[in-house]
Amino acid sequence: MNLMHLKIDKSWSLFLDRDGVINVRLPDDYIKSWDQFHFIDGTLEALKIFSESFGRILVVSNQQGVGKGLMTDAQLALIHKEMQTSVNQAGGRIDSVYYSPFLATENHYSRKPSVGMGLMAKHDFKDIVFRKSFMVGDSFSDILFGKRLGMKTVFIGGPQKARKFPNLFDFVYPDLITFAKSIEIT
């Protein structure tokens, strides 16, 4: 699939995973406070570009650190509020953040790769059309979530992992800013 053939405009929606896509992932740990949250280089610029291109920008994130009792819903809400404030100050936007606090072992419908967070977003924003949406993530569960809803999928990461599943991803980029700049020129 060629990105150039897609006419990205305000009728399109962008779904983003958080850890490893927007912010630096903590290996074998969870972001439990704002001081642990660090935007990946270029992310704020990317979100500004996306804000000019997409009608809706939504974050969908598995956050089982809440389910494990490592942080509260209120602590996570504060992190997300600060993230959105930083994005707004840089000229971008995130319309809403959805998260699943459930443990992977619970197989909850809201936890990716299940589609619950996507359906919640569609309920809140009636103008979302999944076939005119992108899901951007750095894991198999992110991409499967997008595929199950009929979205275009963007894998953020190295080509080695992408080569293992050549038919799974529609697009592969090393980071959000590279993806954003490819949209900006279409």
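The values are calculated or read from the model by the stated rules, or taken from the named source; none is laboratory data. Please read all numbers here as calculations on a predicted model, not as lab measurements. Neighbour counts are summed over all protein chains in view; Cβ atoms, including those assigned to glycine, are modelled from backbone coordinates with ideal geometry. Surface accessibility is based on the protein's heavy atoms, side chains included, excluding ligands, DNA and RNA. Shrake-Rupley method; radii C 1.70, N 1.55, O 1.52, S 1.80 Å.
Data table
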item	result
Relative contact order of the range 3-76, pairs being alpha-carbon contacts under 8 Å that are 6 or more residues apart, as %	44 percent
Debye-sum result for the range 111-186 in log10 I(q)/I(0), which assumes one identical scatterer on each alpha carbon, at q = 0.13, 0.19 Å⁻¹	-0.39, -0.80
Computed lengthening from Asp35 to Thr105, 0.36 nm per intervening residue step minus Cα-Cα distance	22.3 nm
Reported label for calculated Cα extents along the principal axes in Å given [x] 62, 52, 36; [y] 124, 40, 30; [z] 46, 36, 35	[z]
Coil-residue chymotrypsin sites (Phe, Trp or Tyr not before Pro) of the range 40-149, DSSP, other Cβ within 10 Å capped at 14	Tyr109, Phe125
Residue-wise HN-Hα coupling along the range 167-173, computed from phi with Karplus coefficients 6.51, -1.76, 1.60 (Hz; x: Gly, Pro)	9, 7, 9, 7, 9, 10, 9
The chain, helix-only ellipticity at 222 nm - DSSP H runs n ≥ 4, -39,500 (n - 2.57), divided by all residues, nearest 500	-10000 deg cm²/dmol
Residue-count net charge about Val136 - beta-carbon cut-off 9 Å; Lys, Arg +1, Asp, Glu -1	-3
Carbon and sulfur %, accessible surface of the range 1-65 computed with the full protein complex present, 1.4 Å	52 percent
Relative contact order computed over the chain (Cα-Cα under 8 Å; 6+ residues apart), in percent	26 percent
Amide H contacts under 5 Å for Gly157, placed H, 5+ residues apart	Tyr173, Asp175
Among Lys81, Lys164, Lys48, residue whose mean-square fluctuation peaks in a GNM of the chain (springs only between Cα atoms under 10 Å)	Lys164
Neighbourhood charge, 14 Å Cβ-Cβ cut-off, centred on Lys122 and excluding it, Lys, Arg +1 and Asp, Glu -1	+2
Accessible heavy-atom area order of Arg93, Arg131, Arg148, highest first, probe of 1.4 Å	Arg131, Arg148, Arg93
The range 136-149 - phi-based ³J(HN,Hα) in whole Hz, Karplus 6.51/-1.76/1.60, Gly and Pro as x	10, x, 10, 9, 4, 5, 4, 5, 4, 3, x, 4, 4, 9
Per-residue ³J(HN,Hα) for the range 175-181, Karplus 6.51 cos²θ - 1.76 cosθ + 1.60, θ = phi - 60°, Hz, x for Gly and Pro	6, 5, 5, 5, 4, 4, 5
Choice from His123, His80, His108 showing the highest fluctuation, given a GNM over the chain with Cα pairs closer than 10 Å	His123
